[in-house]
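Have a look at the structure below, then the notes.
Bear in mind these aren't lab numbers, they're just calculated from the coordinates by the rules spelled out. Just so it is clear, the model here is predicted, and its values are computed rather than measured. Glycine also receives a Cβ, built like all others from the backbone with ideal geometry; neighbour counts cover every protein chain displayed.
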Amino acid sequence: MCGIVAYVGNKDVGPVLIEGLKRLEYRGYDSSGICIAGKNGLFIRKAAGRISVLESILDEDKTIPASHVGMAHTRWATHGAPTECNAHPHLDDKKRIAIVHNGIIENYSAIRQFLTAKGHTFVSDTDTESLAGLIGHFYEGDLAKAVQLALHEIRGTYGLAVMSASEPEVLVVARRGSPLIIGVGKDEYIVASDAAAVVEHTTQVIYLNDNEMAVITPKGFRTMTIDDVPVTKDVTAVEFSLEQIELGGYQHFMLKEIFEQPEAIANCLRGRVDRHEGRVVLGGIAQYSRDIVRARRIIITACGTAWHAGLVGEFLFEELAKIPTEVEYASEFRYRNPIVEDGTIVIAISQSGETADTLAALREAKDRGALSLGVVNVVGSTIARETDAGVYLHVGPEVGVASTKAFCGQIVVEVLLALSIARRKYMSQTVLQEFLTALDRIPEQMRHILEQSELIRQVTTQYVKRENWLFLGRGFNYPVALEGALKLKEISYIHAEGLPAAEMKHGPIALINPGMPAVFIATRGSQYEKLLGNIQEVKARGGKIIAVASEGDDHITKVADHVFTVPDTIEPLQPLLTVLPLQLLAYHAAMARGCNVDKPRNLAKSVTVE
Ligand code: F6R
């Protein structure tokens, strides 16, 4: 997704911006651009493709001004193809104003018509250029004023940075619906759409809220609303270090994050389980614990992998907390007319905390009176701030586009939430203790599973030429089947379908032909026997069986072609273990097919547009 970095300070701005863009690369992009304030106007260079292309253009250019003020952007195409012309920054037609923008200007064609009628011309296909034109139209020597006037005329979302050739020491930034933070260093300010581009410089940041803006110069900054009402912002510390977002010896972020899961889950549990008292402690929702216990219905809303974690949550809340629960795709929830009765709690699950559909669904639910809870990884993100209360994952930054450790963190938080409700309602202390003990063992059990990475690689490599795979599970492992299929398709581009195993005979069984890989999550549990029956159905048609099974299950080794094992745990916790072999399977398949694991085609880390 698009990324913004801007800088005002005492360093040479070019290298700072390029380094910042590289930190945002993981979010996905298809072109990039830079704007540096010079004595003779704004110096702008853009390039389609990788940031390295922009970097080499700059390396060869002898005309780059020495400057301490500038901004840069990575674009992920929405309006117009990923070309140099459509890359940001965009200029007004007098070339006095430059803008980099994340989000979408919904009424851009009306603005274009308005400006065209006044003689303005446009060179790109983008919505952003209309906003550059509008700011230029209002500009009379005060950039902040012109930005405010323009922002009142637009509909849509933005995180933006604006510069003017006539005010080379001024950077104006603003936000509505697209994140923007200001890093406050010693005599320097770095603005970015993602903390990853800031932490190298400072851990002290200001989070802009919707409809807020800042005017930054080398002498300091002012924050205000876009209606020009001054606002005082707190400077807070970002939670993660630069080291955490670097590779640390792994070939890819995805692999690193898969292997980090034991530690990540231990961090997620830390301080939340009082072993002594035998209880769950969730400080972030303590204020609402009575409403939560009395909830009559839970709606979980999320997208993609987070939705799969939500599906596990549906089972958990019904089975453990005995609260009727449904999980809804955020993109569907936001546009239908959902019934939100008294006593409904809406839980928004999101790694990034910035997913546009999830945010919109959350707002819809809040408007209808629901108590809203966030299950979010990125501290200070929009969803985290807009929910009434919430529980952070604390699994550390997730950089690989394919979500892995966040999925497990989301499930752990749901388990803790379900247990804390259950204990206050029906669950005995003994059963709770069993869960807490089982949770404690998960990190070590994960470590043990990860030791099979090489075996998983060898097996996967045998099947990577097959273009169609099935992933099948039942009960708590049905969401894991969906997640396994999603992981494989998004990074290896193999078509994969995840299904509840019994659904196969209602249609998908027709797909099975000799040699087709079918991955079964076949751990011991309440539906084990039934699943064995489903395995036989696939075998009878020549399918190849790859099973994720319980350690010590001798029977499965006789029916499956390949077996990856996981240690035993309580059934509702199984997804935390069974998903790991599937994450590794997807990773090794992508590697064997020569795919770009951390930056799969067409995908972005954080989907901040509809
Ligand atoms: C898949 C993946 C996506 C995200 C989805 C929601 O690996 O990463 O499906 O899970 O875009 O993102 P968040 O959790 O940031 O709301």
If 437, 382 are placed from fewest to most neighbouring beta carbons inside 10 Å, the sequence is 437, 382
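Could you sort the peptides 68-78, 579-589 by per-residue average Cβ neighbour count (10 Å cutoff), highest mean leading?
On the way: 68-78: 25.1, 579-589: 27.7.
Put in order of decreasing packing, that is 579-589, 68-78.
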Dividing the alpha-carbon Rg of segment 333-382 by 2.2 N^0.38 Å yields what?
1.11
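For segment 175-307, what is the Kirkwood estimate of the hydrodynamic radius, computed as the reciprocal of the mean inverse distance between distinct Cα atoms, to one decimal in Å? Write down the numbers at each step before the final one.
Details: mean 1/r = 0.0535 Å⁻¹.
Answer for segment 175-307: a Kirkwood hydrodynamic radius of 18.7 Å.
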Within-13-Å neighbourhood charge of residue 427 [Cβ basis; K, R +1; D, E -1]
+3
Largest first and to the nearest Å, give the Cα extent of segment 125-178 along each principal axis.
27, 21, 19
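In units of 2.2 N^0.38 Å, what is the alpha-carbon radius of gyration of segment 493-547? Walk me through the numbers before you get to the answer.
Details: Rg = 10.9 Å, N = 55, 2.2 N^0.38 = 10.1 Å.
Dividing the Cα Rg of segment 493-547 by 2.2 N^0.38 Å gives 1.08.
How do 526-538, 561-573 rank on mean C-beta neighbours within 10 Å, highest first?
Working: 526-538: 16.4, 561-573: 19.7.
Descending mean neighbour count gives 561-573, 526-538.
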Kindly identify segment 429-532 as rounded, prolate or oblate by the Cα gyration tensor criterion: order the square roots of the eigenvalues as a ≥ b ≥ c, call it rounded if a/c is under 1.5, otherwise compare a/b with b/c, prolate if a/b is larger, else oblate.
oblate
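Quick check of the Kirkwood formula: for segment 3-238, what is the inverse mean of 1/r over all pairs of different Cα atoms, in Å?
Values: mean 1/r = 0.0581 Å⁻¹.
Kirkwood radius, segment 3-238: 17.2 Å.
Per residue, how much space in cubic angstrom lies within the convex hull of the C-alpha atoms of segment 451-595? Could you put the intermediate results ahead of the total?
Numbers: hull volume 13.4 nm³, N = 145.
Measuring per residue, one finds 92 Å³ for the Cα hull of segment 451-595.
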Relative to the Cα centre, what is the charge dipole magnitude of segment 5-99, using +1 at the beta carbon of each Lys and Arg, -1 at the beta carbon of each Asp and Glu, and rounding to the nearest 20 debye?
240
Taking only the alpha carbons of segment 138-225, the radius of gyration and the largest Cα-Cα distance, Dmax, both in angstrom, are 12.7, 36
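Which percentage, to the nearest 5, of the DSSP beta bridges contained in segment 252-446 is antiparallel? All intermediate terms of the calculation are to be shown ahead of the outcome.
Numbers: 2 of 22 bridges.
Roughly 10 percent of the DSSP beta bridges within segment 252-446 come out antiparallel.
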Report, to the nearest 10°, how far helix 429-450 tilts away from the longest principal axis of the Cα atoms in the chain, using its own Cα long axis and a range of 0 to 90°.
70
Distance between the C-alpha centers of segment 395-441 and segment 585-599? Whole Å please.
29
Of 256/425; 322/405; 62/94; 22/145; 39/186, pairs whose Cα-Cα distance is over 30 Å
256/425; 22/145
Between helix 575-592 and the chain: long-axis angle, C-alpha atoms, 0 to 90°, nearest 10
60
How much net charge surrounds residue 342 when only the other residues with a Cβ under 13 Å from the Cβ of residue 342 are counted, with Lys and Arg +1 and Asp and Glu -1?
+2
Add -39500 (n - 2.57) for each DSSP H run of 4 or more in the chain, then divide by its residues: what number comes out at 222 nm, to the nearest 500 deg cm²/dmol?
-10500 deg cm²/dmol
Stokes-Einstein diffusion coefficient of segment 252-446, Kirkwood radius over Cα pairs, 25 °C, 0.890 mPa s, in µm²/s:
148
Work out the P(r) tail for segment 1-102: percent of alpha carbon pairs separated by more than 19 Å, whole number.
35
Pairs beyond 26 Å (Cα-Cα), from 233/599; 366/489; 489/605; 489/544; 118/219
233/599; 366/489; 118/219
How much length, in nm to one decimal, is gained on full extension between residue 601 and residue 341, taken as 0.36 nm per residue of separation minus their Cα-Cα distance?
89.5 nm
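For residue 85 and residue 286, what is the calculated FRET efficiency with R₀ set at 51 Å and r taken between the beta-carbons, to the nearest 0.05?
Numbers: r = 53 Å, r/R0 = 1.04.
About 0.45, to the nearest 0.05.
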Simple spin-label estimate for residue 56 and residue 296 in nanometres, 7 Å along Cα-Cβ
6.5
Considering only segment 268-354, what is the antiparallel percent among its DSSP beta bridges, to the nearest 5?
15
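Given 0.36 nm per residue, what is the gain on full extension from residue 541 to residue 95 after removing their alpha carbon distance, in nm? If you can, show how the numbers build up before the last one.
On the way: separation 446, 0.36 × 446 = 160.56 nm, distance 6.63 nm.
Result: 153.9 nm gained on full extension.
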Please pull out the direction-averaged projected area of segment 285-367, using the convex hull of its alpha-carbon atoms, in nm² to one decimal place.
5.3
Rough spin-label spacing in nm, given labels placed 7 Å along Cα→Cβ, for residue 247 and residue 232
4.7
Between residue 145 and residue 424, what is the spin-label point distance in nm, taking each point 7 Å from the Cα along the Cα→C-beta axis?
5.4
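Could you tell me how many cubic angstrom of Cα convex hull volume the chain has per residue?
Hull volume normalised by residue count: 158 Å³.
How much length, in nm to one decimal, is gained on full extension between residue 465 and residue 530, taken as 0.36 nm per residue of separation minus their Cα-Cα distance? Working shown, then result.
On the way: separation 65, 0.36 × 65 = 23.40 nm, distance 3.00 nm.
Here the answer is 20.4 nm.
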Restricting to the chain, compute how many DSSP beta bridges are antiparallel as a %, nearest 5.
60
